[in-house]
Structures are given as structure tokens and as C-alpha cells.
Amino acid sequence: MNAASDQLLVLVLLINILILGTHRTTVAIRAMAAQGVILGLLPILLYSIQSHTLIITIFVLLAKGLFIPWLLLGALKKIDFGEDLQPLFGYSGNILAGAVATMLAFFFAAQLPLAPQHRDLLIVPAALATILTGFIALTSRRKAINQVVGYLMLENGIFIFGLLLTESMPLMVEAGALLDLIAGIFVMGIIIKQIGREFSSIDTSRMTALREVE
Amino acid sequence: MLILFMIMIPLAGALAVWLIPSNSRRPLVLPVVASLHLVLVALALSQPLPEYLSAWIHLDAVGKLFLLEFSVLFSACAWYAVNYLKYRMERDNRVLCMGLQVCLSAMTLATVSHHMGLLWLAIETTTLAMAPLVYFNRNARSIEATWKYMLICSLGIALAFLGILFLAYSMVVTGLSPTLVLEVLQGQAPHLPPAWLKTAFILMLVGYGTKMGLAPMHTWKPDAYGEAPGLVGAMLAGGLANCGLLGLIRIYQICMVTDSHTFYSVTLIGMGLFSIAIAAIFLVHQTDIKRMLAYSSVEHMGLFAVALGLGGKALYGLMLHLIGNGLAKGVLFLSAGNIHRAFASKNRESARGALRRAPWTGAMFLAGFLAMTGSPPFLPFASEFAIFRAAFSQGRPVTGALVALLLMVAFLGMSLTVVPVVFGDPPKNRERTRFSETALLVAPPLALLVILGIIGIWLPEPLYQLVKEAAALLEVAR
């Protein structure tokens, strides 16, 4: 466990805030890809290079660093209506919420009864902060594709927590989870294209046909 | 080998429908696969010693019961699909036929998984496989429903995964080597730090609860159930929702062994009561029959949570209700699909007088409604009664009374919609659809109804033993 991994995790936290604050979807997706690359490097930095960690690294680099961003950018190209949709509470409100969430994550992580070898690491606070900011992005964005970016951020947070268990999780489950994530994003990409076709917009707040009528 | 075949045959079927170019021949694969699956399930259930592939994959009594329910429901949907899809020839049904079978395969895997990670994987796969099916009608409403379904369920399942990681980490904290095998976890649960275990449980309750449709995570459910074709609705309500329940049952089996079991009981009862209450409120004034069924599903998932929380004798009721709820939802959604086709509407304003327009369907919808709301002689009467009795005999009379009251409200609310749909005067000014009742559109839901009636009166001994065994697996807990 070394300082390099902690510095990378700080970078992850900065990317979280960047994604919350940017109004350009392409920037959000590229930042997402960068976060994916960092996540991919972490297993071999934290644990020595063995076949298990190497496979995870390659898998994550390919999936989170390349394939998923490529899927999303492809979907975006087809449905770019040049809309600039303010998220709920505006961009500055989002950044503020993200900062508060990050602080809360650090506070909360300090209270957790962690195993002694994990107490001085950034992993747990970074994981919680990324999950929370992902949740904020997911719920505040109005564009469907940005909601997916939020969901991916949340998944990244969960992956960071999973780093504590890399050595003990069976490879099959991790690979399966990653495959499911890819399939999920793939399906979401298709749906987004359909939303664009149907509504000539990917503003999900226009989708209001289904609600309880009283 | 049986387990392997049960998982692989639907996948082979999915491959087959992918290769078949003809839109009219493709659905014929479904009943073949369903029948094979049903035969295999019957074989697997009749073995005195169930198959044990590994610590990860084997079949216990709980798994058997879920497997039986899934297979019977899928058979009904598969036979129904053959004729239903004839009315929908304008749509390409390749994805629908594939999705249904991939889903069956994943549901089978879920029932035999004794590894929390593998179980999660199977449940997540069912969510993904069903997403394109909700979008079968390809219009603005169904895309909205699919988006909500996809986003909310993915979020839920992600939280459940975090819960699994917490569970594994709780073992690291204790200095044990982490494992996610159910039976090992059960053995070590009393030594795990309660804080981590509780957090893991809450995350998994929220995660799998989203999949089940427990309130307040149920918001995707009326939309998805409302816009999906009837047979997809049946699979969602009787298949996918139960997969969520299975996930919850597995973590329950781990948590209830610990000293803080009261915490888990109270949480489950609270969550369940809240779901039943929300469902009862929205069932009154619900004009859309499929959305109504979705709220009915929320109600019964809530009832499952309450039964889990009560424990003891309620678990017998829960296991019985698993069959009762699953099959009754099949009857209701399949006949609702017929009503939708017959009137080209699923709203009680236009879809009135099903008894005259489609007598079999109307009668089945009515009987299904009575079955679902716990009228004798159907099975849910017996199962719901067992849960009530447990509530009163185990010193939770307030819970029992509240559940009884809310179920009554739900019954009245549903009847406000069901009565006009079944008995009303068919609207005169609407164009008549080309729908006519055929044997394959009537027989599958009718068969489910007959099963519900027969085992409601007389529960066969092997099934009774299986239900008792499954309940006992959960009860060991204390």
C-alpha cells in the first residue's frame, strides 16, 4: 500500500467534482474515462503484479477506460441536440453538494470500524465520496446520458471499495460484475438513442406521460 | 447434470430463436423449452438427495420452491406467447423470445446459487434481459417506462453489490478470510461485527427491495408493468420480483443467526407495512388495470417483507404465498393482456364488460382478482391466513391488524376497477378489435387458476413437505 495510490485517489475525487461542474457532456464522458484508467491502475499499485490483479487491471482499463466511454460518445453523436440543460440546483449548487458529500464521506469513514491495515488509507473515504457524488450527479442531471455518467461514477465508487477485497473476491464474480456493467451501459445506450428519436431531446424531465392521475 | 441442463437449455433456446428468421415460427421454441425445463425441474425436485454441484451451486428447499414457481409460470407464459404474438406480427419478436429465455436461465441460476456474488450476478442478468421486453411496444410511453426501470433497478442492484462487499469486508475486519458462500457466512455470522452486518443488510434490503418493488423504491414498477405486454408483466411480477425476494431471503438467512435479530425483524416489518400502505392508497382510484396489478405486486411484496420480519409460523405462510402470489399474478397479467387486446385499451373507462366481449377472459380476470385478494378456495387464502395467524400468535397483534385492514382497503380499491372492467357495458362507439379468444390465450391462465384452486383446497403431501422444509431453513435462524 503506497503513496502513489493515495495520490491517484485524490485525482479521482477531483474528477468527481469536475464531472459535477462541467456543462459539456463530452468532457464529462472523457473525465469518466480518465477515472476508469486510474481505477484500472489501482489494483496493481495496491497489490503486487500477479495474474489475478493483472487480469482485473486489463479488464477495467478496457471496459471503463475505453469501451464504455466509446459507447457513450457514440450514443451522444447520434443524439446531440446541442441542448444545454441546467441540472437541478445549477452547476455551482452541484459542485457545492459534491464538496459537502466529500467532506461527509471523510468524516463518516473516520467513524467506521475498519481493519487496522486499512485505517490510514484513502480508499474508504474516496469510495464513499465517489458513491455519494455519483448519486448526486445521477439525480440532479436532466439529460439521460449524464444520468448514465452519474451511475458510472457510483459504480466506480463501489469498485474503489472493492479494492479492499481484491485478493479475496473470486475473479469470476468481479469479471461477471464488469460484464454486467458493460451490458447494462450498452442497453442504456440503446434506450438513450430511442429517447432521442422519440422525443427529439434527451431531457428526461420531458418524459411525464406516466404518472398517477388524480 | 440436471442443474446444468436447466440453465443451458433456455440459453440454447435463446440461440435458436436468434437464428430463426421467421417471425411466426420463432415463438414455437418457447413452449418446447418451457416443457423441457418443467420436466427437468420435476426430476430435480423428485430426487431424494438434491444435486450438489459445489458449495456455490446446489439446490436447497428454498431454491426448489422458487424454481418450481418460476418454471410453472414460465410454461404458462410460453404457451400463451405463441398465440399472443400472432396478434403482434407487425413487431419483430426476436428480442422478446430471446429475453424471456435468457431470463429463465438466469432465474434458474439464481435459485441454485449459494454464493452471494453469483446470486447477485444472476439477479442483475434478469434485470438486463427484461429491459428490451418492457420496450416491446416501441412508443413514447414505453421508452419512458424502460428508462425508469433500467436506471432505478441498476441503481438498486449497484447498492446491493455494495452490500455484498460490506458483508465480505465484515469478515476481513474480524480477521477471517472472506468468503461469500451462504452456508459459511451463516456459520460465522454471530462473530461478525454487527455494525458492518447491519449496514450490509440495509444496503441489500434497499437494493433487492428495489427489484422487488418495496416502497419507496417502487416508483418504476407501475410504469414498467403498465407499459409492458401482459406476458412480460407476468414474468416481471411473478419472476423478477421474486428474484429480488430470493436475494433478500438469502441475506436474511445470514443476519437472523445473530443476536441483533430484532433489529432486522423490525426493519423488515416496518418496510413491509409501509409498502402495503402505499400500495393500498394507490390501488383506490387506479383506472389502469395493469398499473393496478403493479400496485398489487407492491402490496404482496410488502406482505412478504412483513412475513420475513415476523418469522416463525409466518415463514410457512410466506413460502406458500410465494407459489400463490406468483401464479395468481400470472393469471391476472395474462388475462389483462387479453383484455388489453380485446378493447385496445387497459383503462377501465374504455375496457368495460369483459364478460361479454371475452367471457373466458373476463371470468378469469375476476377469479384471479378474488384469488389474489385472498378469497377461498384459492391458495393465497391459506397463505395469507397463515401469516395473519402467526402475527397474532407471535405477539404482534398490531402488525396483524394493520395488515388485515390494509389488505381490506386494497381489496375494495381493486374491486372498484375490476367490477366495471368485468361486468360493465362494453362501450358502443369504439371500433371492434379483431381479437378473439383462442384456446392458447385462455388455457394457460386457466391452468394456473385451476392449480391455485386445487392446491388451495388440498395441498399435495410432497409440496406440503417442501414448503415446510423451506420454511424450516429460514427458521433455523433462531
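The values are calculated or read from the model by the stated rules, or taken from the named source; none is laboratory data. Predicted model only: the values in this text are computed from it and were never measured. For neighbour counting, all protein chains shown are included, and Cβ atoms are generated from backbone atoms with ideal geometry for every residue, glycine included.
Could we say that B:Val284 is among the β-branched types (Val, Ile, Thr) and closer than 26 Å to B:Ala386 by Cβ here? So B:Val284 does not fit the description; no.
Here A:Leu165 clears all of (1) surrounded by fewer than 20 Cβ atoms within 10 Å (Cβ to Cβ); (2) more than 30 Å from A:Val100 (Cβ to Cβ) except the condition numbered (2).
Here is a yes/no grid of residues against (1) assigned to a helix (DSSP H, G or I); (2) among the basic types (Lys, Arg); (3) within 20 Å of A:Leu121 (Cα to Cα); (4) in contact with a Pro (Cβ under 9 Å, 6 or more places away or on another chain):
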position	(1), (2), (3), (4)
A:Leu9	yes, no, yes, yes
A:Val12	yes, no, yes, no
A:Leu18	yes, no, no, no
A:Val27	yes, no, no, no
A:Arg30	yes, yes, no, yes
A:Pro43	yes, no, yes, no
A:Val60	yes, no, no, yes
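Which of the residues that make up region A:112-132 are in a helix (DSSP H, G or I) and at pLDDT 85 or above?
Within region A:112-132, A:Ile123, A:Val124, A:Pro125, A:Ala126, A:Ala127, A:Leu128, A:Ala129, A:Thr130, A:Ile131, A:Leu132 qualify.
Among the residues of region B:118-141, the ones that are small (Gly, Ala, Ser), out of contact with any strand residue (DSSP E or B) (no Cβ under 9 Å at 6 or more places or on another chain) and modelled with pLDDT of 90 or more come to 2 in all.
B:Val257 satisfies every condition listed in (1) part of a helix (DSSP H, G or I); (2) closer than 23 Å to B:Leu65 by Cα except (1). For region B:205-225, filtering for residues that are away from chain A (no Cβ under 13 Å) and either part of a helix (DSSP H, G or I) or under 26 Å from B:Leu473 (Cα atoms) (or both) leaves 8. Could you please give the count of residues in region A:84-111 that are aromatic (Phe, Trp, Tyr), over 20 Å from B:Val172 (Cβ atoms) and either in a loop (DSSP other than H, G, I, E, B) or touching a helix residue (DSSP H, G or I) at 6+ places or on another chain (Cβ under 7 Å) (or both)? Looking only at that region, the number is 3. Selection over region B:115-150 of residues that are among the aliphatic types (A, V, I, L, M), facing chain A (nearest Cβ under 7 Å) and free of Cβ contacts under 8 Å to residues at least 40 places away in the same chain gives a count of 6.
Residue by residue, here is whether (1) over 24 Å from A:Gln147 (Cα atoms); (2) free of Cβ contacts under 8 Å to residues at least 12 places away in the same chain holds:
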position	(1), (2)
A:Leu14	no, yes
A:Ser48	yes, yes
A:Leu61	no, no
A:Leu73	no, no
A:Pro87	no, no
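Could you list, in sequence order, all residues of region B:275-287 that are more than 9 Å from every other protein chain (Cβ to nearest Cβ), within 14 Å of B:Leu416 (Cα to Cα) and surrounded by fewer than 22 Cβ atoms within 10 Å (Cβ to Cβ)? Correct list: B:Ile281, B:Val284.
Looking only at residues of region B:367-407 that are small (Gly, Ala, Ser) and outside any helix (DSSP H, G or I), we find that the one that is surrounded by the most Cβ atoms within 10 Å (Cβ to Cβ) is B:Gly374. Here B:Gly272 passes the criteria (1) crowded, with 24+ Cβ neighbours inside 10 Å; (2) in contact (Cβ under 8 Å) with a residue 60 or more places away in the chain except the one numbered (2). The set of residues in region A:101-125 being in contact (Cβ under 8 Å) with a residue 60 or more places away in the chain, within 14 Å of chain B (Cβ to nearest Cβ) and either over 16 Å from A:Glu155 (Cα atoms) or of a type in the set (Gly, Ala, Ser) (or both) consists of A:Gln117, A:Leu121.
Out of (1) out of contact with any Lys or Arg (no Cβ under 6 Å at 6 or more places or on another chain); (2) farther than 21 Å from B:Val306 by Cα; (3) charged (D, E, K, R), what's the single condition that is false for B:Lys211? The one condition B:Lys211 does not meet is (2).
Only one of the numbered conditions (1) more than 8 Å from chain B (Cβ to nearest Cβ); (2) within 23 Å of A:Ile58 (Cα to Cα); (3) touching a Ser or Thr at 6+ places or on another chain (Cβ under 8 Å) is violated by A:Leu154, and that is (1). Taken over region B:172-195, residues that are outside any helix (DSSP H, G or I) and not hydrophobic (A, V, I, L, M, F, W, C) amount to 5.
The set of residues in region B:157-176 that are hydroxyl-bearing (Ser, Thr, Tyr) and buried (at least 24 other Cβ atoms within 10 Å of the Cβ) comprises B:Tyr169, B:Ser170. Scanning region B:282-314 for residues that are at pLDDT 95 or above and not in a helix (DSSP H, G or I) gives no hits.
When B:Ala410, B:Ala471, B:Ala443, B:Ala439 are screened for being surrounded by fewer than 21 Cβ atoms within 10 Å (Cβ to Cβ) and in contact with a Phe, Trp or Tyr (Cβ under 9 Å, 6 or more places away or on another chain), only B:Ala443 passes.
Taken together, the criteria place A:Leu165 among residues that are in contact with a Pro (Cβ under 7 Å, 6 or more places away or on another chain), within 11 Å of chain B (Cβ to nearest Cβ) and more than 17 Å from A:Leu18 (Cβ to Cβ). Would you mention how many residues in region B:1-43 are within 20 Å of B:Ala122 (Cα to Cα) and in a helix (DSSP H, G or I)? Qualifying residue count, region B:1-43: 20. Summed over region A:193-214, residues that are within 8 Å of another protein chain (Cβ to nearest Cβ), outside any loop (DSSP other than H, G, I, E, B) and closer than 19 Å to A:Thr139 by Cβ total 2. B:Ala342 passes every criterion in (1) touching a Phe, Trp or Tyr at 6+ places or on another chain (Cβ under 9 Å); (2) farther than 18 Å from B:Val422 by Cβ; (3) among the small types (Gly, Ala, Ser) apart from (2). Residue check: A:Gly184 meets all listed conditions (1) assigned to a helix (DSSP H, G or I); (2) farther than 26 Å from A:Thr22 by Cβ; (3) within 7 Å of another protein chain (Cβ to nearest Cβ) but one, namely (2). Restricting attention to region B:22-78, which residues are in contact (Cβ under 8 Å) with a residue 40 or more places away in the chain and aromatic (Phe, Trp, Tyr)? Scanning region B:22-78 gives B:Trp56, B:Phe66, B:Phe70, B:Phe74.
Does B:Gln186 meet the test of being over 25 Å from the mean Cα position of the chain (by Cα) and either under 20 Å from B:Met256 (Cβ atoms) or more than 10 Å from every other protein chain (Cβ to nearest Cβ) (or both)?
Taking the combined requirement at face value, the residue satisfies it.
Any chance region A:39-56 includes a residue that's under 23 Å from A:Ala137 (Cα atoms), hydrophobic (A, V, I, L, M, F, W, C) and surrounded by 14 or more Cβ atoms within 10 Å (Cβ to Cβ)? Within region A:39-56, one or more residues are under 23 Å from A:Ala137 (Cα atoms), hydrophobic (A, V, I, L, M, F, W, C) and surrounded by 14 or more Cβ atoms within 10 Å (Cβ to Cβ).
Suppose we keep only residues that are in a helix (DSSP H, G or I) and acidic (Asp, Glu) within region A:158-181. Which one would you say is farthest from B:Tyr169 (Cα to Cα)? By that ranking, first place goes to A:Asp180.
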